[in-house]
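For reference, the structure is listed below as structure tokens.
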Amino acid sequence: MAALALAPAENFVAHGRDMFVYERAEDVAALRPDFAAMRSTLGADAIVTAPGNGGVDFVSRYFAPNHGIDEDPATGSAHCVLTPYWADRLGKQQPLAKQPPG
């Protein structure tokens, strides 16, 4: 998604949600999406994630300007997609997550 400005390492649709996986937690923290561009695409939203560091298994942010909020401050609904992805990828039952400040 060009509106994210930084290309992810991989992207796919998981449970009907667009997910973008980056290589570093710092990449996720540095994202400054073009929300106007996202609003111009019906239904555009973005779950972004990367491996964590410092004892955190993964980091994430959720951008949803077409749902009335540019960035979800809690990403609870996004974790319904993220937790199974990271649990499988890391081989952990309960991965530890953090949302970096945006």
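Amide H to amide H distances under 5 Å link E71 with A64, where only residues 5 or more positions off or on other chains count and H is placed in the peptide plane. Scanning residues 5 or more positions from G52 or on other chains, those with amide H under 5 Å from its amide H are F58, V59, with H placed 1.01 Å from N in the peptide plane. Computed over the chain, the per-residue total of -39500 (n - 2.57) for DSSP H runs of n ≥ 4 gives a 222 nm mean residue ellipticity of -6000 deg cm²/dmol, rounded to 500. How far is helix 79-90 tilted off the main Cα axis of the chain, in degrees rounded to 10, range 0 to 90? Rounded to the nearest ten degrees, it is 40. Each of A46, L82, A36 was placed along the dipole of segment 2-98 (beta-carbon charges, centred on the mean Cα), and the one lying farthest toward the positive end is L82. Here the Gaussian network model covers the chain, with springs between Cα atoms less than 10 Å apart; of R89, R61, R32, R89 fluctuates the most. Of all DSSP beta bridges located in segment 2-98, what percent are antiparallel, nearest 5? So the antiparallel bridges amount to about 70 percent of the total. Placing a pseudo-label 7 Å from each Cα along the Cα-to-Cβ vector at T41 and Q93 gives an inter-label distance of 3.9 nm. Label-point separation (nm) for H15 and N66, each offset 7 Å from Cα along Cα-to-Cβ? Label at H15, label at N66, 1.9 nm between them. Taking every C-alpha pair closer than 8 Å and separated by at least 6 residues, the mean separation divided by the residue count of the chain gives a relative contact order of 24 percent. Of the options (i) 65; (ii) 36; (iii) 51, only one is percent of Cα pairs over 19 Å apart as computed from these coordinates, and that is (ii). Remark: segment 11-92 carries a charge dipole of roughly 120 debye about the Cα centre, counting +1 on each Lys and Arg Cβ and -1 on each Asp and Glu Cβ. Computed from phi, the 3J(HN,Hα) profile of segment 32-44 under the Karplus parametrisation 6.51, -1.76, 1.60 (θ = phi - 60°) reads 10, x, 8, 5, 4, 5, 5, 5, 7, 10, 3, x, 5 Hz, with x in place of Gly and Pro.
No value in this document is a laboratory result; all are computed from the given coordinates. Quick caveat, the model's predicted, so the values are computed rather than measured. Please note: Cβ atoms are built from the backbone with ideal geometry, for glycine as well, and neighbour counts cover all protein chains shown.
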